[in-house]
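Below is one structure, written out as structure tokens, with a few remarks after it.
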Protein chains: 2
Amino acid sequence: MSTKKYTVITGASSGIGYETAKVFAARGKNLIIVARRLDRLEALKEEISAIDPDVDVVIRAADLSSNDEAIALYESLKDYPIETWVNNAGRGNRGDITDPELPNTLGMIHLNVDAVAILSSLYVRDYKEVEGAQLINVSSIGGYLVVPGATMYVATKFFVSALTEGIDMEMQKGGYKLRAKVLAPATTATEFVQTANDLDEAVDYSQKYTRFSTAEEMAGFLLELYDGDKTVGEMDFATMKIKLSDPKHPHLC
Amino acid sequence: MSTKKYTVITGASSGIGYETAKVFAARGKNLIIVARRLDRLEALKEEISAIDPDVDVVIRAADLSSNDEAIALYESLKDYPIETWVNNAGRGNRGDITDPELPNTLGMIHLNVDAVAILSSLYVRDYKEVEGAQLINVSSIGGYLVVPGATMYVATKFFVSALTEGIDMEMQKGGYKLRAKVLAPATTATEFVQTANDLDEAVDYSQKYTRFSTAEEMAGFLLELYDGDKTVGEMDFATMKIKLSDPKHPHLC
């Protein structure tokens, strides 16, 4: 077992995950970065060693839309004490509900739903009694708001929000030490639109959207959520900043 | 292509699905009944021929927790005009979030989330322009209410509720004819508790719960939802009856 502690970040090859890795590194946190694209993870590792050469960065290439790879990833990390687990990997889907592209939709479900269920379950199982342990799941404002035109994606994010809020309530009711928190970004300039639609070229968010956050801003908001004691960090359109709150979905006490 | 119209009911081997098949048969509706247990479907078919010998009953044995079987089921029904599709199949999971049984949990997710996503998508794709077409997805009051102790199950039902409400909004906004509706039962005396926990013996709900509905009552409530023009039919604890309403989750207009 390593004597160092680590922060795991999935989907670290780009966007919010990539920037989150850098802000945690700037805090001196050792990292385990996960994504499919090994070259991107290696570039990130190099960038981090420029930020702080003492930060240890472990790389894991995995396709988390495979249930087996998600489980294998977790098992491969048995020897690392993990103080924070960030399930950031996720994507949108192509097509809409009237014209579904089923393999694309199912890939999204396996990534947004199954992988978050697997990795949240295993992390909670092993770290529920550990002081300071945090599970941060990246959902969306669409995890709290049905958005016609993005129905299937939104449904996966309702899953993530309800799951994470439920875990945090169970932890607090049961007297466990782990905290579970939901980050709910709105439009963020990342590879999201490109990946959802399998586009060859990057999307220029400043041309397409009047209001959006950058991935750097969102990583800063994730850190606010991490530092605070609230369960939910949701983008507030009025201020374009994060608003921390208690669980938002109705719940039985 | 058959000249008759059919109502598909998944999870028809017991509980709400079994009773729903009987109430639709009593209306003279031809049925396609789906479940893993062929012997139960054959018994149901016999029971229905006693209710109305003119009702045609088509049997399909399928394990909908397999993505492939769910898709194959839909494709096997190409020659049947389907006026109503009821995604009733679903189950709870064993263990809780602090002590997960991952294969059991994943089986639940594949049934409650994936199969509903697959069958809803394909039905909406093919029937969105058909007058009178209805998609009824059986969720739970847990699709609107986080229930600590049932966190993972609840998360799957948040998926179902958000998906179905989103579909209905998209249909109405787009001027399509299909309606999508959510049934949200509370505790109902079925094989639910037995199946979730893999118990050998049936559970006596009257000993275990002070308030519950019978599967017959719930099938009657599903029929009220079917006959009405509201999107959601949710159990009301105050009256132990169904309360019909517009979409309940917050939404973008």
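The values are calculated or read from the model by the stated rules, or taken from the named source; none is laboratory data. Being a predicted model, the structure only gives us computed values, none of them experimental. Every residue, glycine among them, receives a Cβ derived from its backbone with ideal geometry; neighbour counts consider all protein chains shown.
At least 3 residues that are more than 14 Å from chain A (Cβ to nearest Cβ) in each: list the helices (runs of 4 or more DSSP H) lying fully within the range B:1-103 that qualify.
Numbers: elements: B:15-26, B:38-51, B:67-75.
By residue number, B:15-26, B:38-51.
When you go through B:136, B:141, B:167, B:109 one by one, which is the residue that is over 21 Å from residue B:71 (Cα atoms) and not basic (Lys, Arg)?
Details: B:136 fails: over 21 Å from residue B:71 (Cα atoms); B:167 fails: over 21 Å from residue B:71 (Cα atoms); B:109 fails: over 21 Å from residue B:71 (Cα atoms).
The unique qualifying residue is B:141.
In this structure, does residue A:190 turn out to be of a type in the set (Val, Ile, Thr) and touching a residue at least 60 places away in the same chain (Cβ under 8 Å)? It would help to see each step written out before you state the result.
On the way: of a type in the set (Val, Ile, Thr): yes; touching a residue at least 60 places away in the same chain (Cβ under 8 Å): yes.
So residue A:190 passes the test.
Can you pull out every residue in the range A:62-106 that is hydroxyl-bearing (Ser, Thr, Tyr), buried (at least 19 other Cβ atoms within 10 Å of the Cβ) and out of contact with any Leu (no Cβ under 7 Å at 6 or more places or on another chain)?
Step one: of the range A:62-106, the residues hydroxyl-bearing (Ser, Thr, Tyr) are A:65-66, A:74, A:76, A:80, A:84, A:98, A:105.
Still in the running and buried (at least 19 other Cβ atoms within 10 Å of the Cβ): A:65, A:74, A:84, A:105.
Hits for the range A:62-106 are A:84, A:105.
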Considering the range A:219-243 alone, what residues qualify as being part of a strand (DSSP E or B), surrounded by fewer than 18 Cβ atoms within 10 Å (Cβ to Cβ) and among the aliphatic types (A, V, I, L, M)?
-> none
Residue A:136, sole failed condition from (1) over 21 Å from residue A:247 (Cα atoms); (2) of a type in the set (A, V, I, L, M); (3) in contact with a helix residue (DSSP H, G or I) (Cβ under 9 Å, 6 or more places away or on another chain); (4) more than 11 Å from chain B (Cβ to nearest Cβ) | (1)
Any residue at all in the range A:14-35 that is touching a Lys or Arg at 6+ places or on another chain (Cβ under 8 Å), closer than 13 Å to residue A:89 by Cα and modelled with pLDDT under 95?
-> yes
Any residue at all in the range A:23-45 that is touching a residue at least 40 places away in the same chain (Cβ under 8 Å), surrounded by fewer than 21 Cβ atoms within 10 Å (Cβ to Cβ) and under 15 Å from the mean Cα position of the chain (by Cα)?
-> yes
Within the range B:50-89, work out how many residues are small (Gly, Ala, Ser) and at pLDDT below 95.
-> 1
Residue B:109: passes all of (1) within 10 Å of chain A (Cβ to nearest Cβ); (2) without any contact (Cβ under 8 Å) to a residue 40 or more places away in the chain but (2)
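Which one of B:126, B:96 is acidic (Asp, Glu) and under 19 Å from residue A:121 (Cα atoms)?
On the way: B:126 fails: under 19 Å from residue A:121 (Cα atoms).
When all the criteria are applied, what remains is B:96.
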Criterion: at the interface with chain A (Cβ under 7 Å from one of its Cβ atoms), in a helix (DSSP H, G or I) and within 26 Å of residue B:82 (Cβ to Cβ) - qualifying residue of B:154, B:116, B:124 = B:124
Scan of the range B:139-148 for residues that are assigned to a loop (DSSP other than H, G, I, E, B) and at the interface with another protein chain (Cβ under 7 Å from one of its Cβ atoms), ordered by number | B:144, B:145, B:147, B:148
Only one of A:131, A:191 that is modelled with pLDDT under 95, out of contact with any strand residue (DSSP E or B) (no Cβ under 9 Å at 6 or more places or on another chain) and either surrounded by fewer than 21 Cβ atoms within 10 Å (Cβ to Cβ) or not basic (Lys, Arg) (or both) = A:191
Hey, residue B:111 hits all of (1) in a helix (DSSP H, G or I); (2) buried (at least 24 other Cβ atoms within 10 Å of the Cβ) but one; which does it fall short on?
-> (2)
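Residue-wise test of (1) of a type in the set (Ser, Thr, Tyr); (2) in a helix (DSSP H, G or I); (3) within 14 Å of chain A (Cβ to nearest Cβ).
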{"residue": "B:161", "(1), (2), (3)": "yes, yes, yes"}
{"residue": "B:164", "(1), (2), (3)": "yes, yes, yes"}
{"residue": "B:171", "(1), (2), (3)": "no, yes, yes"}
{"residue": "B:193", "(1), (2), (3)": "no, yes, no"}
{"residue": "B:210", "(1), (2), (3)": "yes, no, no"}
{"residue": "B:217", "(1), (2), (3)": "no, yes, no"}
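When you go through B:183, B:223, B:199 one by one, which is the residue that is more than 12 Å from chain A (Cβ to nearest Cβ) and either of a type in the set (Val, Ile, Thr) or touching a strand residue (DSSP E or B) at 6+ places or on another chain (Cβ under 8 Å) (or both)? Walk me through how you get there before you give the answer.
Values: B:223 fails: either of a type in the set (Val, Ile, Thr) or touching a strand residue (DSSP E or B) at 6+ places or on another chain (Cβ under 8 Å) (or both); B:199 fails: either of a type in the set (Val, Ile, Thr) or touching a strand residue (DSSP E or B) at 6+ places or on another chain (Cβ under 8 Å) (or both).
Being more than 12 Å from chain A (Cβ to nearest Cβ) and either of a type in the set (Val, Ile, Thr) or touching a strand residue (DSSP E or B) at 6+ places or on another chain (Cβ under 8 Å) (or both) holds for just one of B:183, B:223, B:199, which is B:183.
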